[in-house]
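The values are calculated or read from the model by the stated rules, or taken from the named source; none is laboratory data. These figures come from a predicted structure and were not determined experimentally. Using ideal geometry, Cβ is built from the backbone for each residue, glycine included, and neighbour counts are taken over all protein chains shown.
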Amino acid sequence: MPIIDSFRDEHEFLSNYFPSRIEYRGLVYPTVEHAYQAAKTADPQVRERIRSAATPDESKEIGRAHCDRPDWEDVKLPVMYDLTVLKYTDPELRKRLLSTGDATLVEGNDWGDSFWGSCAGTGDNHMGKILMRVRDGLSRAEAIALLERLGARGTPHPGGNLFDHLVRVEDRLKEWGAEPAVCSAGLMHALYVAPDPAEPLRIPVDLTERESVAEIIGAGAEELVYVYGACDLDYLYPRLSADSEQWRDRFTGAVRTLRPQQIRDFMELTVANELDIAGHDRAVIEDPEPVLIDLVARARQFLSAAARAHCDRVLA
């Protein structure tokens with residue numbers, strides 16, 4: 001997974017010092033840093049001094065000298081999260097944050113801040129974590145909007161409609177502790193149409209739109225969605241037991257090799273999907289189909305401990 005470990009140059013927009021209009025508690029601040037420092041005090045005169053500070057560094061100096069909130073240590077992380085959400089309501093900044101895809105964001109620094117960032121590779125990186133949390137929220141909102149435009153709520157599917165199924169798969173992957181990119185792929189896994197008219201439940205997105213999808217959910221998640229839609233399962237499944245990670249792309253006919261983490265993510269997503277479908281078919285619940293049992297048996301070596309435990313409970 002790519003890492004962005006400096007909020008400078010092309011990634012300077014990630015910094016709290018980057019100019020951005022922040023309207024917070026009745027005042028408009030020029031940066032997140034100004035607004036964050038002003039939140040330390042209930043004194044309106046001090047807040048105005050901070051708001052009017054010529055630079056973020058000056059605002060920080062005033063804020064540190066006038067922090068009069070006894071609960072500051074308890075609320076500073078939620079305050080920073082709220083201000084970061086406000087910053088990325090700006091359409092251009094939102095687009096730039098989403099353009100970081102599924103990269104790990106680390107506020108690397110050489111001034112010794114190991115709380116908000118990381119210094120010499122060590123630190124809590126709270127700012128990076130907040131940015132990724134905000135990015136995940138924005139990404140999911142845009143993904144939901146895309147699914148709704150494509151009519152997923154009106155597409156029949158076992159358990160109701162396709163939209164509800166996709167959300168359940170996403171939730172199951174979260175429950176199993178999957179990485180955010182895998183959970184995003186779970187939400188969008190039905191996105192690409194297989195060249196098979198017998199599959200009416202899939203919602204159509206042309207493969208020429210892959211780049212646009214990647215801009216919403218990240219390149220890693222989009223790649224997994226593509227593999228899920230393109231993989232010829234009749235080709236892949238017999239090879240799982242033969243320690244082969246080759247798969248055939250049913251869109252192009254090309255034979256490729258899955259990376260170790262890819263095959264684990266793919267199988268986790270596949271099993272989550274199939275279990276949800278089976279879970280809304282009473283006949284399958286009471287008497288699991290051999291094909292489902294066979295799938296879980298083949299996939300087991302690739303599944304997380306949480307996924308294996310869930311399968312054991314469901315199929316016992």
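Tabulated results
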read-out: Condition met for residue 89 (outside any helix (DSSP H, G or I), surrounded by fewer than 16 Cβ atoms within 10 Å (Cβ to Cβ) and among the β-branched types (Val, Ile, Thr)); value: yes
read-out: Number of positions in segment 296-305 that are assigned to a helix (DSSP H, G or I) and touching a helix residue (DSSP H, G or I) at 6+ places or on another chain (Cβ under 7 Å); value: 5
read-out: Given (1) under 30 Å from residue 311 (Cα atoms); (2) within 17 Å of the chain's Cα centre (by Cα); (3) buried (at least 17 other Cβ atoms within 10 Å of the Cβ), number of the condition residue 174 does not satisfy; value: (3)
read-out: Filter pass, residue 79 being part of a helix (DSSP H, G or I), of a type in the set (Val, Ile, Thr) and within 19 Å of residue 48 (Cα to Cα); value: yes
read-out: Restricting segment 253-273 to residues that are of a type in the set (D, E, K, R) and at pLDDT 90 or above, the residue that is farthest from the chain's Cα centre (by Cα); value: 256
read-out: Within segment 210-254, tally of residues that are assigned to a loop (DSSP other than H, G, I, E, B) and not basic (Lys, Arg); value: 11
read-out: Hits in segment 1-14 (condition: within 10 Å of residue 107 (Cα to Cα), in contact (Cβ under 8 Å) with a residue 12 or more places away in the chain and part of a loop (DSSP other than H, G, I, E, B)); value: 5, 6, 7
read-out: Boolean, residue 113 is surrounded by 15 or more Cβ atoms within 10 Å (Cβ to Cβ), without any contact (Cβ under 8 Å) to a residue 24 or more places away in the chain, under 21 Å from residue 133 (Cβ atoms) and not small (Gly, Ala, Ser); value: yes
read-out: In segment 15-39, the residues that are assigned to a loop (DSSP other than H, G, I, E, B) and farther than 21 Å from residue 109 by Cβ; value: 21, 25, 26, 30, 39
read-out: Extreme residue, farthest from the chain's Cα centre (by Cα), among residues of segment 110-140 that are aliphatic (A, V, I, L, M) and assigned to a helix (DSSP H, G or I); value: 127
read-out: Residue 61, sole failed condition from (1) in contact with a helix residue (DSSP H, G or I) (Cβ under 9 Å, 6 or more places away or on another chain); (2) in contact (Cβ under 8 Å) with a residue 12 or more places away in the chain; value: (2)
read-out: Those residues of segment 141-158 which are assigned to a helix (DSSP H, G or I) and either on the phi > 0 side of the Ramachandran plot or touching a helix residue (DSSP H, G or I) at 6+ places or on another chain (Cβ under 7 Å) (or both), in sequence order; value: 142, 143, 146, 147, 152, 153
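Residues are listed down the side, and each one gets a yes or a no for (1) modelled with pLDDT of 95 or more; (2) hydroxyl-bearing (Ser, Thr, Tyr); (3) buried (at least 16 other Cβ atoms within 10 Å of the Cβ):
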{"site": "100", "(1), (2), (3)": "no, yes, yes"}
{"site": "106", "(1), (2), (3)": "yes, no, yes"}
{"site": "109", "(1), (2), (3)": "no, no, yes"}
{"site": "120", "(1), (2), (3)": "no, no, no"}
